[in-house]
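The next block holds one structure in the form of structure tokens; read it before the comments.
The values are calculated or read from the model by the stated rules, or taken from the named source; none is laboratory data. What you see is a predicted model, and the numbers here were worked out from it, not measured in a lab. Cβ atoms come from the backbone with ideal geometry, glycine included; neighbour counts cover every protein chain shown.
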Amino acid sequence: MKKELRILGIDDCPFNKFRDKKVKVIGAFFRGGNFIDGVMSAEADVDGTNSTARIAAMINRSRFRPQIQAVFIDGIAVGGFNIIDIESLHKNTKLPVIVVIRRLPDLKKIHLTLRKLGMEKKIALLEKAGEPVKMGKIYVQYKGINGEKVQELLKLTCTHSFIPEPIRVAHLIGQGITLGESRGSA
């Protein structure tokens, strides 16, 4: 695998779940895990249903699109419960999609919360993504790529922490945009 493979890392900006109706989604375009070559953004509805379409459009309209080899996403949702359909994102962009999860989520609790909020349909998207798989210190879900290749990409991109650098930098940019400066690390 080439060391300067082009990777896109995606994370959402901080938001207020009681006040904000939209959340900014940041994409950090990287060469491997060392060099940032560009930044892109989109907006999605807080607790909405448009994250997949908005992220796919952000990727497909980007001048970086022809170079992107894989997409890393920080968690399977943006803006609270705006759950990303990773299979659909893979199909619409024709790119491997890898969800990175720091800690194994309590899926039963999440399902219960979604039911209480009247968002039962979103449970199917969570189940469709598959069970999170532990790789090193993180968990991943993926479409359009096999586990061996995911491990290679993680090895290539996790240069400063156990989180891929494209996600870590997207997180820091999002905090800086929303809060005025980044606070802590991703």
Of all residues in the range 37-63, how many are farther than 17 Å from C13 by Cβ and not charged (D, E, K, R)?
-> 9
Mind telling me which of the residues G176, G144, G180 ends up being at pLDDT below 95 and of a type outside the set (F, W, Y)?
-> G180
Which one of the conditions (1) surrounded by fewer than 19 Cβ atoms within 10 Å (Cβ to Cβ); (2) in a loop (DSSP other than H, G, I, E, B) does R115 fail to meet, given that it meets all the rest?
-> (2)
Residue count for the range 64-107, restricted to those that are out of contact with any Lys or Arg (no Cβ under 7 Å at 6 or more places or on another chain), part of a loop (DSSP other than H, G, I, E, B) and under 16 Å from C13 (Cα atoms) = 4
Within the range 93-109, restricting to residues that are at pLDDT 95 or above and aliphatic (A, V, I, L, M), the one that is surrounded by the most Cβ atoms within 10 Å (Cβ to Cβ) is V100
Hey, could you check the range 32-57 for residues that are hydrophobic (A, V, I, L, M, F, W, C) and crowded, with 19+ Cβ neighbours inside 10 Å and say which is nearest to T159 (Cα to Cα)?
-> M40
Please indicate, with yes or no, whether at least one residue in the range 123-130 is surrounded by fewer than 20 Cβ atoms within 10 Å (Cβ to Cβ), assigned to a loop (DSSP other than H, G, I, E, B) and modelled with pLDDT of 95 or more.
-> yes
Which of (1) surrounded by 15 or more Cβ atoms within 10 Å (Cβ to Cβ); (2) under 19 Å from E152 (Cβ atoms); (3) among the charged types (D, E, K, R) does K137 not meet, given it meets every other one?
-> (1)
Hey, Y142 hits all of (1) touching a residue at least 24 places away in the same chain (Cβ under 8 Å); (2) over 12 Å from the mean Cα position of the chain (by Cα) but one; which does it fall short on?
-> (2)
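State all residues of the range 1-55 that are in a loop (DSSP other than H, G, I, E, B), more than 24 Å from L126 (Cα to Cα) and not polar (S, T, N, Q); if no residue qualifies, say none.
Listed by number, the residues that qualify are M1, K2, K3, E4, L5, R19, G32, G33.
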The range 34-67, residues that are farther than 16 Å from P96 by Cα and either among the acidic types (D, E) or touching a Leu at 6+ places or on another chain (Cβ under 6 Å) (or both) = D37, E43, D45, D47
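Filter the range 140-186 down to the residues that are among the acidic types (D, E) and closer than 21 Å to K24 by Cα, then identify the one that is surrounded by the fewest Cβ atoms within 10 Å (Cβ to Cβ). So that I can check it myself, show each step before the final result.
Initially, the range 140-186 is screened for residues among the acidic types (D, E), giving 148, 152, 165, 181.
Those left that are additionally closer than 21 Å to K24 by Cα: 165, 181.
Numbers: E165: 24, E181: 9.
Taking the candidates together, the pick is E181.
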Number of the exception - H160 against (1) in contact with a strand residue (DSSP E or B) (Cβ under 6 Å, 6 or more places away or on another chain); (2) part of a loop (DSSP other than H, G, I, E, B) | (1)
Tally, over the range 69-84, of residues that are under 13 Å from G144 (Cβ atoms) and either in contact with a Cys (Cβ under 9 Å, 6 or more places away or on another chain) or buried (at least 21 other Cβ atoms within 10 Å of the Cβ) (or both) | 4
